[in-house]
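Notes to accompany the following structure.
All of the numbers you see were taken from the coordinates with simple rules; none came from a lab. Since the model is a prediction, treat every value here as computed from it, not as a measurement. With ideal geometry, Cβ positions are generated from the backbone for all residues, glycine too; neighbour counts draw on all protein chains shown.
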């Protein structure tokens, strides 16, 4: 008795006929290039060939920190990029902005950032722009602007621990610089001194908030990590504990911070709020201050735990 679906067509077991190719395949001859062939290559076949060559040259010069030469080659490359190749255009503009930054022309670099921002269509584009802005601000030593860029990154990627860690260390650097100024400025007017002390307290609390958030995220993610990634997380956790000890917040204050910063850290909510690659059209990115800082500030005031 045949079982339904268990029979086979006899043709399945027949030997396949040998297929005779009607045309011989052409021999494959890979192109052989000398190292750094593009540095002195001038026999361009077309605009695309010239564009690729100029990009290779610019990338090499940038790597060698020859920023003016790299800038010139990137500009030459950009003029050859077709209007439809938006990905390459963004890449070259990003590189031009970085060259400007290294050359001390940070306003021109930021102008390119603004141009890229206007043309961004998804969160991946916006993330790249914010990282570029961050690099420019860090290069100029502008901590407050760096913090602003990092806050935007944390708003777009609220579950990325490394953005939070960088934000925490930036607040810590701001705290250290304000402490140094406070120690030096003994002759400040009382009102100015009070304002400086308040800024220091806020930086202390914001640094703690970000360190705690980073710790919570790493502890969630480390269960899925192995090898060198896990080692990186362990080192980060150790550094966070040391930083929190130096910040000298009371245990009850740290407990409140942990509760507030953990409110949205459940797997279901984290999946819902994953915005990688999302279109910017209609996308609602919650304000950093409103989502975390204002809520924490209110909780601390309610519990009378705000830093005095």
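Once C-alpha pairs closer than 8 Å and six or more residues apart are averaged by separation and normalised to the residue number of the range 37-119, the relative contact order reads 23 percent.
Name the shape class, rounded, prolate or oblate, that the alpha-carbon gyration tensor gives for the chain, where a ≥ b ≥ c are the square roots of its eigenvalues, rounded holds for a/c under 1.5, and otherwise prolate holds if a/b is larger than b/c and oblate otherwise. Here the chain falls in the oblate category. For residue 231 and residue 276, a Förster radius of 35 Å and the Cβ-Cβ distance give a FRET efficiency of 0.90, rounded to the nearest 0.05. Using Cα atoms only, what is the angle between the long axis of helix 227-247 and the major principal axis of the chain, expressed in degrees (0 to 90) to the nearest 10? In the chain, helix 227-247 runs at an angle near 10 degrees to the longest axis. For residue 107 and residue 298, the difference between the fully extended length at 0.36 nm per residue and the C-alpha to C-alpha distance is 65.0 nm. With the helix formula -39500 (n - 2.57) applied to DSSP H stretches of n ≥ 4, the chain reaches a computed 222 nm mean residue ellipticity of -21000 deg cm²/dmol. The gain in end-to-end length when the residue 68 to residue 83 segment is fully stretched comes to 2.9 nm, 0.36 nm per residue minus the alpha carbon separation.
By how many degrees, between 0 and 90 and to the nearest 10, does the Cα long axis of helix 161-184 differ from the longest principal axis of the chain? Between helix and principal axis, roughly 30 degrees.
For the pair the range 196-233 / the range 139-161, the C-alpha centres are spaced 14 Å from each other. I need the shape label for the range 37-119. Rule: rounded when a/c is under 1.5, else prolate if a/b > b/c, else oblate, with a, b, c from the alpha carbon gyration tensor. Oblate. Counting only alpha carbon atoms, the long axis of helix 67-78 and the longest principal axis of the chain meet at about 50°. Using the count of nearby Cβ atoms within 10 Å as a rough guide to exposure, how do 38, 44, 159 rank from fewest to most? Least to most surrounded, the residues fall as 44, 38, 159.
Fewest-first ordering of 268, 290, 176 by other beta carbons within 10 Å of each residue's beta carbon gives 268, 290, 176. With contacts taken as Cα pairs under 8 Å and at least 6 residues apart, the chain reaches a relative contact order of 14 percent.
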